[in-house]
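Following: one structure in structure tokens, then a few remarks.
Values in this text are rule-based calculations from the coordinates and carry no lab data. All of these numbers come straight from a predicted model, not from anything done at the bench. A quick note on method: Cβ atoms are made from the backbone with ideal geometry, for glycine too, and the neighbour counts reach across all protein chains shown.
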Amino acid sequence: MIDIAANIKRLRKLKNLSQKELSTSIDIAQAQYSIIEGGKVVPTIPTLEKIAKVLEVDITELFKDPTKADDEINLSILEKVKLLDTLDKDEKDSLLKIIDMAIAKKRLKDNLSHLIAS
């Protein structure tokens, strides 16, 4: 069973936010937020969308089973991706090319490893 409340709490702590800070950001009382995070009520979809936005994750992250996740969410990477939009076009294009090359190299390495293992 997916524990949405536990996911919200885990992600909030990863962002170093207090319950008060998050509740203020989504415009609900801290006591109501505490009830949500405590798992006593299931928040509405609009509330989950607001929480996900403040936590800078896709709403689907709130429904994932953290015990089955391959990697811990790296929020610092998400923050860096957001900052890419502040770069000028040439800088952004250069970084995106580097990222594309790194991903292509990783895929090639994975495919070769798979072929060798077969």
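If each of Asp58 and Leu84 carries a label point 7 Å out from its Cα toward its Cβ, how far apart are those two points in nm?
Going by the 7 Å Cα→Cβ label model, 1.4 nm.
What are the extents of the Cα atoms of the chain along their three principal axes, listed from largest to smallest and rounded to whole Å?
Between the extreme Cα coordinates on each principal axis of the chain lie 53, 43, 22 Å.
Holding the Cα-Cα limit at 27 Å, pick out from Lys80/Lys105; Lys40/Lys82; Lys20/Lys64; Lys9/Lys105 the pairs that are longer than that.
Long pairs (Cα-Cα over 27 Å): Lys40/Lys82; Lys9/Lys105.
Per residue, what volume in Å³ does the convex hull of the Cα atoms of segment 4-63 enclose?
66
Among Leu83, Leu108, Ile98, flag the residue with its Cα farthest along the positive direction of the charge dipole of the chain, charges on Cβ as +1 for Lys/Arg and -1 for Asp/Glu.
Leu108
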